[in-house]
Structures are given as structure tokens and as C-alpha cells.
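Each remark here refers to the structure printed beneath this line.
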Amino acid sequence: MAYYDIVSEGCDFSEDFQKRLGFSKVFSAGKDIGIYDADKKAGDCDGCIAYGSNASNMIHMVRSGAKAIMLKDFKIEKKLLEIAIENGCVLLVPFNGIISSYGFERSRNLFKASKFLSYATKKDAKISFISMASSKMDMCSYMQLVELAKMLGASEEEARDGISKTTKSVFDG
């Protein structure tokens with residue numbers, strides 16, 4: 001099975017490094033696919049990742065063709081989730097807030113992410129687990145991503161599918 005990850009635009013890594021982590025390809029948000037901040041303003045987001053917390057702007061962007069959405073603080077409104085599912089939009093679950101935080105903040109991020117995953121899974125949303133690493137040191141292997149997804153409540157199969165087929169679908173269409 002081929003595994004894929006998405007990292008922040010500034011993350012610098014070599015092809016050899018991505019292979020050692022077990023990925024077929026690591027995509028860079030902002031370079032390989034556009035990432036649009038929905039908190040600034042709503043816009044046409046055809047084929048890109050919509051990122052933010054403003055639900056009305058996110059809904060507009062999903063309707064205008066966003067392939068994936070990534071939510072700040074894992075807060076999702078019912079209407080946004082319904083429209084995302086209806087439009088075949090992938091919900092991205094980034095682990096950068098969990099990996100790079102400490103203490104109470106990490107516990108809070110784990111709790112929010114697990115509740116988000118539980119809700120999205122019950123609604124049969126397409127979910128992708130990504131590192132969204134900002135540096136080479138923050139990158140995870142695919143096995144680490146699988147274990148992080150399982151820690152949030154995903155099954156082994158859901159975790160592996162979310163790191164392989166679902167992530168690849170963001171780039172294939």
C-alpha cells in the first residue's frame with residue numbers, strides 16, 4: 001500500500017528522507033496544492049485546501065470546489081460537515097498541534113481531535129490523517145501517523161486508508 005503525507009509549505013525534506021519515513025510521496029501545502037485561509041475572506045477555492053474556523057466562509061469554499069478542509073481547533077458545525085460530505089470534500093486531521101504541544105495544551109488538543117474524529121466518523125465523512133509538519137524534525141513516519149490516528153479512536157483500517165487512499169484523493173481528484 002502506498003502512503004502519503006501533507007506538510008506545510010516551508011517544510012524542507014529530501015526525496016530520500018520521505019522514502020525512509022515510508023511514504024510514496026509527501027505533498028507540500030502551498031506548493032503541490034493551494035491552501036486558502038478562510039478566516040481572511042471567502043473566495044473561490046477550486047481544487048485547494050480550505051483552512052480556518054469561519055464556518056460561512058468555509059461553506060462557500062467547499063461549494064466553490066475545495067478538495068479538502070482543515071479546521072482550526074477541530075471545531076465543525078453540522079451544516080459545514082453536511083455540505084463537505086455532500087461535495088466529496090476530505091476532512092484533514094493534522095497532527096502538528098498534538099506533536100508540537102506540551103502538557104495541558106497537548107491534552108486539550110488530543111481531546112478535541114478525538115471528539116472531532118468521532119463525530120466525523122459517525123457522519124461517514126472522508127477523513128485524512130496528516131502531519132502538517134513545519135520542519136523536517138516535526139515529520140512523522142507513516143507508522144507514527146497510524147498510531148496517532150489509533151490514539152484518537154480510529155481503527156487500524158481507517159488510519160491506513162486515511163494515510164493512503166484518502167490523502168492521495170486530495171491530489172488526484
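The values are calculated or read from the model by the stated rules, or taken from the named source; none is laboratory data. Because the structure is predicted, anything quoted here is derived from the model rather than measured. Every residue, glycine as well, gets a Cβ built from its backbone with ideal geometry; the counts of neighbours run over all protein chains shown.
Check whether at least one residue in segment 83-99 is under 15 Å from the mean Cα position of the chain (by Cα), part of a helix (DSSP H, G or I) and not aliphatic (A, V, I, L, M), and report yes or no. Within segment 83-99, one or more residues are under 15 Å from the mean Cα position of the chain (by Cα), part of a helix (DSSP H, G or I) and not aliphatic (A, V, I, L, M). When residues in segment 137-173 are screened for being modelled with pLDDT of 90 or more and in a helix (DSSP H, G or I), 19 of them pass.
Rundown of residues vs (1) in contact with a Leu (Cβ under 6 Å, 6 or more places away or on another chain); (2) of a type outside the set (Ser, Thr, Tyr); (3) touching a residue at least 40 places away in the same chain (Cβ under 8 Å), yes/no style:
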position: Asn96; (1), (2), (3): no, yes, yes
position: Phe104; (1), (2), (3): no, yes, no
position: Leu110; (1), (2), (3): no, yes, yes
position: Ser114; (1), (2), (3): yes, no, no
position: Leu117; (1), (2), (3): yes, yes, no
position: Ile127; (1), (2), (3): yes, yes, no
position: Ala133; (1), (2), (3): no, yes, yes
position: Lys136; (1), (2), (3): no, yes, yes
position: Met143; (1), (2), (3): no, yes, yes
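With the requirement that a residue be aromatic (Phe, Trp, Tyr) and touching a Ser or Thr at 6+ places or on another chain (Cβ under 9 Å), what does segment 99-147 give you? Hits for segment 99-147 are Phe129, Tyr142. Whenever a residue of segment 151-173 is closer than 21 Å to Lys67 by Cβ and touching a residue at least 24 places away in the same chain (Cβ under 8 Å), its partners that are hydroxyl-bearing (Ser, Thr, Tyr) and in a helix (DSSP H, G or I), lying with C-beta atoms within less than 7 angstrom and at least six residues away or across chains, give the pairs Ile163/Tyr142.
Name the residue, out of Ile99, Ile49, that is closer than 30 Å to Phe17 by Cα, surrounded by 21 or more Cβ atoms within 10 Å (Cβ to Cβ) and of a type in the set (A, V, I, L, M).
Only one candidate qualifies: Ile49.
Selection of first residues in segment 14-34 that are under 15 Å from Leu92 (Cα atoms) and of second residues that are of a type in the set (Ser, Thr, Tyr) and surrounded by 16 or more Cβ atoms within 10 Å (Cβ to Cβ), restricted to Cβ pairs under 7 Å at least 6 apart or on distinct chains, gives the following pairs, ordered by first then second residue: Phe27/Tyr4; Ala29/Ser8. In segment 115-173, the qualifying residues are those that are among the small types (Gly, Ala, Ser) and within 19 Å of Ser101 (Cα to Cα), and the one that is surrounded by the fewest Cβ atoms within 10 Å (Cβ to Cβ) is Ser135. Among the listed residues Asp39, Asp12, which satisfies the condition of being among the charged types (D, E, K, R), modelled with pLDDT of 85 or more and assigned to a loop (DSSP other than H, G, I, E, B)? Only one candidate qualifies: Asp12.
What about Leu92, is it of a type in the set (A, V, I, L, M), at pLDDT 90 or above and surrounded by fewer than 18 Cβ atoms within 10 Å (Cβ to Cβ)?
Against the criterion (of a type in the set (A, V, I, L, M), at pLDDT 90 or above and surrounded by fewer than 18 Cβ atoms within 10 Å (Cβ to Cβ)), Leu92 does not qualify.
Taking the condition closer than 17 Å to Tyr142 by Cα, in contact (Cβ under 8 Å) with a residue 40 or more places away in the chain and not in a strand (DSSP E or B), does Ile6 pass? No; evaluated as a whole, the condition is false for this residue.
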